[in-house]
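The values are calculated or read from the model by the stated rules, or taken from the named source; none is laboratory data. Please read these numbers as outputs of a predicted model, since none were measured by experiment. Ideal geometry is used to build each Cβ from the backbone, glycine not excepted, and the neighbour counts take in all protein chains shown. Calculation scope for accessible area: heavy atoms of the full protein, side chains included, ligands and nucleic acids excluded. Shrake-Rupley method; radii C 1.70, N 1.55, O 1.52, S 1.80 Å.
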2 protein chains.
Amino acid sequence: METRKISPEEAASRLLKTDNILILTHKNPDGDAIGSGIAIALALRQRGRKCRVAWSGELASYFSLITEGYENDDIGEPEFILAVDLANPRLLPDETACYADKVDMVIDHHATSVPFAAETLLESAASCCAEIIYKVIFAMGCEVTTEIANCIYVGLATDTGCFRYSNTTSDNHILAARLVSMGVDIAKFNEEIFGQKSRARVEIERRALAGMEFTSGGKICIITITRNMLEETRCVESDIEGIATIPKAIEGVEAGITLREQENGNWKISLRTATLDAAEICAAFGGGGHLRAAGCECSGTPFEIKVALVAAINKRLGI
Amino acid sequence: METRKISPEEAASRLLKTDNILILTHKNPDGDAIGSGIAIALALRQRGRKCRVAWSGELASYFSLITEGYENDDIGEPEFILAVDLANPRLLPDETACYADKVDMVIDHHATSVPFAAETLLESAASCCAEIIYKVIFAMGCEVTTEIANCIYVGLATDTGCFRYSNTTSDNHILAARLVSMGVDIAKFNEEIFGQKSRARVEIERRALAGMEFTSGGKICIITITRNMLEETRCVESDIEGIATIPKAIEGVEAGITLREQENGNWKISLRTATLDAAEICAAFGGGGHLRAAGCECSGTPFEIKVALVAAINKRLGI
């Protein structure tokens, strides 16, 4: 569809011409989605506008840092619909999917953004939506209160892995400097956001570590996740996110292998390497991927698969 | 002893009047110690000065990010001795302890710093020594090369927990913004610094998690570290740093308890709480501490100790 591309200043001026604003974001909202939504709502309220941020599903406990004390206005039938951190209307949760073709403005940072709103403020070089929201709030002439700074910080910290990921920019640090000076309790926030693990995650890690195997003088480390382990621990997909990084993150490990049992009885293999070409190794097993992170799917017993993988890796390690 | 307090500008001008500079730091050096030392050495070399950074012991693998490609000059008998990130000459490693009373200048950020050098540049509000070193390098009019920026970043990231700890300041983020723009590969650095665990650490975690116990509807989580486990895994003190934070970091846990067997057969208890007064609970067992982190030492079997602690905590949880 046709959409008009707008600047933060245009977005600010347009938003100030509206009232009774419904703010949408994607399903399974993260810190950037909720932080962006509440930040812009708090700013618009300073200018007397009524806002409702719609989200669905249970939020991780750390969200209470920004949702506690926040209450939506009663806006009745929305006069204006704003979507934040939403790259595609198909990502709306069921509860707000009815608004998919009625969105007036979208503010987003995803390079994969598709046009679906009348007006689009897209900055795909931004690490998080919250940093674009900050510009809009600034352009609206609103005061950046501690509550707003908290929301922006949560978005920024979530999407940059607390300034650890490669998407972290100089601008992110300059924004963080401003937010810190506005009194964000960063130690508390980061402890809540990054320091906590779900019970299911801990249970699956406990089982994965119990079965962890080392070979080749500690240069290869293997963990195995069976369907039975996932059922026992009631893990959902988000609980096992990043689990394949565990073996490689051990000092001295050149190749970290994760075997995960599939519904069809096959095993999905994730390979992470320090110096070896992971894609080339996995290609020999019908898979592929990147230089240091690749995968393949194998049939057979876990033991047979491990023996074959270790042999292939040992050859490349010269062992 | 008498020491003259100096500014970064005075330090810069003094350093430029010297040559054949020996740079010392504390034993078991961390990223801030090594990063500060190599950064100032690289800067002084730009001005034609010869420098040697002295450190001892095996460095964690991530240090190769800043030590690789760095080579000390042959300075012969040092003409000037600079100590960085060193609060007390007693913290010098054995190899350089002979210089303890010969230090000409110290640059440090520890509030616990004692005067031991002729001149002292102390900024106890700084989160890391590297940020003071940056000021000195700037005052010397040196170019901040990518190599120097890398060293400063490692110091900054190490001492602020990658901008997560409460000591992180606005100034830290502004400095980080500059370093990022100078081309520091922050994703690689942070992966190496924060993403890696020693083999011994993983082995002790594997055993601790295997024996992890939950009670009181998941509100209390207990791990137990026996002397046998420490011997089996050949853990040194740094390998078990922060292990007491594991139980509390699980979602839903109100009280995380770590039992650690002592040489005398007693058990050292660490208690971390979400909302309860940890110091008050531990006081009832002859210990004490802070509101959310406290400890005590108990005799008896682990089971007896756990029963007593759980009963005390349940009472306060109203269970």
For the range B:98-123 and the range B:222-298, compute the distance between their C-alpha centroids and round to whole Å. 35 Å
Taking the label point 7 Å from Cα along the Cα-Cβ vector, the copy-to-copy distances for B:ASP101, listed from shortest in nm with one decimal, are 8.8
HN-Hα couplings for the range B:76-82 via Karplus (6.51, -1.76, 1.60; θ = phi - 60°), in whole Hz with x for Gly/Pro, come out as x, 6, x, 8, 9, 10, 10
Using only Cα atoms and rounding to the nearest 10 degrees, what angle (0 to 90) does helix B:302-317 make with the longest principal axis of chain B? 90 degrees
What gaps in nm, shortest first, separate A:GLU58 from its twins in the other copies when you place the label 7 Å past Cα toward the beta carbon? 4.5
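What share of Cα pairs, in percent, lie more than 23 angstrom apart in the range B:199-317? Working shown, then result.
Working: 1655 of 7021 pairs.
For the range B:199-317, the fraction of Cα-Cα distances above 23 Å is 24 percent.
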Whole-Å distance, taken between Cα centres, linking the range B:174-197 and the range A:55-88: 33 Å
Do you know which residues of the range A:245-291 lose at least 40 square angstrom of accessible area in the protein assembly compared with their chain on its own, with a 1.4 angstrom probe? A:ALA249, A:ILE250, A:GLU251
Restricting to the protein assembly as shown, compute how many DSSP beta bridges are antiparallel as a %, nearest 5. 45 percent
Could you pull the copy-to-copy label distances for B:GLU251, with points set 7 Å along Cα to Cβ, in nm to one decimal and sorted shortest first? 3.2
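On the accessible surface of chain B, probed at 1.4 Å, how many percent belong to carbon and sulfur atoms? If you can, show how the numbers build up before the last one.
Working: 6660 of 13880 Å².
On chain B, the fraction of accessible area on carbon and sulfur atoms equals 48 percent.
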Sum of -39500 (n - 2.57) over DSSP H runs of 4+, divided by residues of chain B (222 nm, nearest 500): -11000 deg cm²/dmol
Which of the GluC sites (Glu not before Pro) found in the range A:1-97 are loop residues per DSSP with 11 or fewer other Cβ atoms within 10 Å of their Cβ? A:GLU2, A:GLU58, A:GLU68, A:GLU71
Which loop-located trypsin sites (Lys or Arg not before Pro) does the range A:186-286 contain, where loop means any DSSP state but H, G, I, E or B and the Cβ has at most 15 other Cβ atoms within 10 Å? A:ARG234
Between A:SER181 and B:GLN46, what FRET efficiency comes out of the Förster formula 1/(1 + (r/R0)^6) with R0 = 22 Å and r the beta carbon distance, rounded to 0.05? 0.10
Shielding score for B:155-161, defined as the mean number of other chain Cβ atoms within 10 Å: 1
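Out of every Cα-Cα pair in chain A, what percent are more than 37 Å apart? Intermediate results must be reported in sequence, preceding the final value.
Numbers: 15452 of 50721 pairs.
Percentage above 37 Å: 30.
If you filter the range A:4-61 for trypsin sites (Lys or Arg not before Pro), then keep DSSP loop positions with at most 16 other Cβ within 10 Å, what is left?
A:LYS17, A:ARG47
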In Å, descending, principal axis extents of the Cα set of the range B:4-194: 40, 33, 33
Taking the solvent-accessible surface of protein heavy atoms with a 1.4 Å probe, what is the per residue accessible area of the protein assembly as shown in Å²? 44 Å²
Once normalised by the length of the range B:4-194, the mean sequence separation of its alpha carbon contacts under 8 Å that are 6 or more apart gives a contact order in percent of 26 percent
With the radius of gyration and the Kirkwood radius both derived from the Cα set of the protein assembly as shown, what is their ratio Rg to Rh? 0.99
At a probe size of 1.4 Å, how large is the accessible area of B:ASP30, to the nearest 10 Å²? 50 Å²
For the range A:183-217, list whatever residues lose no less than 50 Å² of accessible surface once every protein chain is in place, relative to that chain by itself, with the probe at 1.4 Å. A:ILE186, A:GLN196, A:ARG199, A:VAL202, A:ARG206, A:LEU209, A:PHE214
Between helix B:170-181 and chain B, what is the angle of the helix's C-alpha long axis to the longest principal axis, kept within 0 to 90° and rounded to the nearest 10? 60 degrees
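Between B and A, buried accessible area summed over both sides at probe 1.4 Å, in Å² to the nearest 100? Provide the component values of the computation, followed by the final result.
Numbers: alone 15550 and 15600 Å², together 27800 Å².
The B and A chains share an interface burying roughly 3400 Å².
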Paramagnetic reach from B:ARG316 in the range B:235-260 [backbone N under 14 Å; point 7 Å along Cα→Cβ]: B:254-258
Rounded to the nearest 10 degrees, what's the angle between the helix B:199-210 long axis and the longest principal axis of chain B, both from Cα atoms, 0 to 90? 20 degrees
With every protein chain kept in place and a 1.4 Å probe, the residues B:SER56, B:SER61 fall, from largest accessible area down, as B:SER61, B:SER56
Explain nothing, just the number: relative contact order of chain A, from Cα pairs under 8 Å at least 6 residues apart, as a whole percent. 13 percent
Once both labels are modelled 7 Å past Cα along the beta-carbon direction, what's the A:ALA283-B:ASN266 spacing in nm? 6.3 nm
So for chain B: antiparallel DSSP bridges make up what percent, rounded to the nearest 5? 45 percent
